[in-house]
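The values are calculated or read from the model by the stated rules, or taken from the named source; none is laboratory data. Quick caveat, the model's predicted, so the values are computed rather than measured. Don't worry about glycine lacking a Cβ; one is built from the backbone with ideal geometry, like all the others, and counts go over all protein chains shown. Calculation scope for accessible area: heavy atoms of the full protein, side chains included, ligands and nucleic acids excluded. Shrake-Rupley method; radii C 1.70, N 1.55, O 1.52, S 1.80 Å.
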Amino acid sequence: MTTPAQEAARRRTFAIISHPDAGKTTLTEKLLLFGGAIQMAGSVKGRKAARHATSDWMALEKERGISVTSSVMQFPYEDRIVNLLDTPGHADFGEDTYRVLTAVDSALMVIDVAKGVEERTIKLMEVCRMRDTPIMTFINKLDREGKNPIELLDEVESVLKIQCAPVTWPIGMGKRLKGVVHLLTGEVHLYEAGRNFTRQDSTIYPSLDTPELAGKLGPAMLAELREELELVEGAAHPFDVEAYLAGRQTPVFFGSAVNNFGVQPLLDFFVEHAPSPRPRATTTREVAADEERLSGFVFKIQANMDPQHRDRVAFMRVCSGRFNAGMKAFHVRSGKEVKLANALTFMASDREIAAEAWPGDVIGIHNHGTVSIGDTFTEGEALSFTGIPNFAPELFRRARLRDPLKLKQLQKGLAQLSEEGATQFFKPLMSNDLILGAVGVLQFDVVAYRLKDEYGVDASFEAVNVATARWVHCDDAKKLEEFREKNAMNLALDAAGELVYIAPSRVNLQLAEERWPDVRFAATREHA
Ligand code: G4P
């Protein structure tokens with residue numbers, strides 16, 4: 001019989017971080033190809049193309065089966081099980097991306113060789129750094145002319161403040177691309193346009209000294225390469241697994257995702273060195289993956305295929321123990337036992353009913369809005385995983401109802417859609433307004449569309465005098481009461497009933513912070 005310890009050790013759960021267009025979708029496809037989920041190649045791409053425009057995105061969301069499935073892709077590779085968690089591509093969905101990153105054990109950073117380190121990569125890297133997430137790097141699009149590799153690594157080191165340890169090194173670039181050298185094994189992987197499209201089909205020579213290689217590269221290029229490698233060896237950091245696992249060093253690979261070149265050395269190295277599920281902090285103690293009892297937390301909620309039924313899928317990352325189909329689990333926030341019937345697993349080819357799941361895996365739990373982001377499930381122990389942030393929104397609108405009789409549906413719709421985490425819903429203490437906060441402006445269109453489509457409510461969103469919001473905490477109950485009385489005009493409750501200060505301006509917030517030194521104004525609400 002297998003144990004959580006054995007199964008956890010085989011798991012590699014990660015996400016790809018990159019700036020749009022660096023090649024995340026293409027690389028995902030190739031990884032799935034190696035994992036044997038060949039039928040997926042192509043479909044990931046189509047989904048992405050449709051994601052670009054708002055209207056398409058909505059039409060796409062109607063086919064929720066697809067988007068639920070590809071949120072988590074699981075495939076076997078060698079004797080490992082790889083879970084790739086998709087991070088939403090649109091800039092508006094930053095918050096979702098952050099939360100997905102709380103559910104992984106490592107990340108893969110994709111950089112366009114011509115563009116180098118871009119703005120979104122910098123932001124995502126900051127998030128990874130909060131948890132010291134280990135990161136591997138793939139420098140993509142080597143079939144095009146790009147920056148000098150040594151300068152590019154310097155750029156990564158100085159901009160992202162992480163040591164680079166090249167594991168493969170390019171032989172030429174653009175039209176002159178001939179292959180990569182594996183710096184640890186000495187192997188040379190040849191680039192042969194056309195051949196590398198299929199899996200495991202590249203020609204590999206055991207070392208640079210292989211006589212045939214001189215013919216392939218030409219003596220001039222070979223000499224140039226040897227010189228460059230000497231330079232790299234002298235200047236670059238050698239791979240240090242401890243430094244990688246601590247998030248201080250990133251192993252670097254070069255390749256071309258679209259040509260499926262350089263991907264296999266990356267994947268081989270990844271399954272060997274990327275961390276299996278690590279211990280996680282909770283409100284009471286650290287939970288180790290090899291514990292016998294099930295625990296996990298919800299990092300994402302998605303409305304399911306049939307909006308009429310308000311059915312939603314909560315994505316739970318398993319942190320310890322074993323999940324069995326139909327088992328009962330303790331929903332810590334509500335204090336109730338819940339039967340996890342028909343939970344889903346996410347094989348890359350299809351989604352399936354989960355027979356079992358292990359630490360590092362993700363399961364999808366059907367529910368009708370009772371499960372929220374940040375919720376913990378256990379086998380009875382009252383602990384909650386920490387560190388799943390809810391960010392203060394930056395944009396606010398008041399919901400305006402065309403038919404006043406639909407107020408109840410509107411409230412319900414706003415509250416339920418907010419559970420998915422992309423928007424937040426506030427009820428001011430002193431007015432009947434319903435205020436929606438979002439991180440991106442596209443969210444208001446999405447919510448208006450879904451209110452109509454799923455709740456039959458015709459609502460629009462209009463400007464409101466709120467500039468920013470802060471969750472309010474105070475250890476002194478009397479002080480808090482006083483604060484509440486004096487500031488009732490600027491206070492609201494969020495969907496979970498937590499007190500929030502909604503400031504008409506940044507200056508107002510600053511003044512309030514100065515006037516009430518005992519009150520904490522938090523820009524994130526940790527799901528507890
Ligand atoms: P993303 O998910 O990170 O946004 O990037 P995606 O994979 O969609 O790739 C962005 C563009 O870069 C795509 O071109 C893709 O084909 C191309 N690309 C990916 N990997 C490589 C590579 O190794 N070499 C080259 N030359 N291009 C690459 P597109 O024109 O937007 O789409 P398509 O028309 O090619 O499908």
LYS175: which lysines have alpha carbons under 20 Å from its alpha carbon, excluding same-chain residues fewer than 8 sequence positions away? LYS115, LYS141, LYS147, LYS216
With a cut-off of at most 16 other beta carbons within 10 Å, and DSSP calling the residue loop, which trypsin sites (Lys or Arg not before Pro) in the stretch 199-240 qualify? Please list them. ARG199
Counting only residues 5 or more places away or on other chains, whose amide H sits under 5 Å from the amide H of THR203 once H atoms are built in the peptide plane? LEU190
For the chain, give the share of DSSP beta bridges that are antiparallel, in percent and rounded to the nearest 5; count only bridges with both residues there. 75
Residues whose placed amide H lies under 5 Å from that of THR250, excluding near-sequence neighbours: GLN163, CYS164, ALA165
So how do VAL241, VAL318 rank on accessible area, 1.4 Å probe, biggest first, that is with the largest at the start? VAL241, VAL318
Which GluC sites (Glu not before Pro) from the stretch 228-264 combine a DSSP loop assignment with at most 13 other Cβ atoms within 10 Å? none
Tell me whether the stretch 428-525 comes out rounded, prolate or oblate; compute the Cα gyration tensor, take square roots of the eigenvalues as a ≥ b ≥ c, and use a/c under 1.5 as the rounded threshold. prolate
Below 8 Å, C-alpha to C-alpha, sequence gap of six or more: please give me the relative contact order for the stretch 428-498 in percent. 47
Sorted by packing (mean other beta-carbon atoms within 10 Å per residue), highest first, where do 251-257, 519-525, 335-341, 98-104 land? 251-257, 98-104, 519-525, 335-341
In the chain the accessible area split gives carbon plus sulfur, as whole percent at 1.4 Å, a share of 51
Using θ = phi - 60° and the Karplus curve 6.51 cos²θ - 1.76 cosθ + 1.60, what whole-Hz ³J(HN,Hα) does each residue of the stretch 181-190 get, with Gly and Pro shown as x? 9, 8, 6, 8, 9, x, 5, 10, 9, 7
222 nm mean residue ellipticity, helices alone, for the chain (DSSP H n ≥ 4; -39,500 (n - 2.57); rounded to 500): -9000 deg cm²/dmol
Short version: ³J(HN,Hα) in whole Hz for each residue of the stretch 71-85, in order, from phi by Karplus 6.51 cos²θ - 1.76 cosθ + 1.60 (θ = phi - 60°), x for Gly and Pro, what are they? 5, 9, 10, 10, 9, x, 8, 6, 9, 10, 10, 9, 10, 9, 9
Filtered hits (lysines, Cα-Cα < 30 Å from LYS339, offset >= 8 within chain) -> LYS62, LYS300, LYS328, LYS408, LYS412
Between ARG333 and residues 5 or more places away or on another chain, which pairs have amide H atoms under 5 Å apart, with H built 1.01 Å from N, and which residues are they? THR376
Using square roots of five times the C-alpha gyration tensor eigenvalues, list the equivalent-ellipsoid semi-axes of the chain in whole Å, biggest first. 44, 25, 23
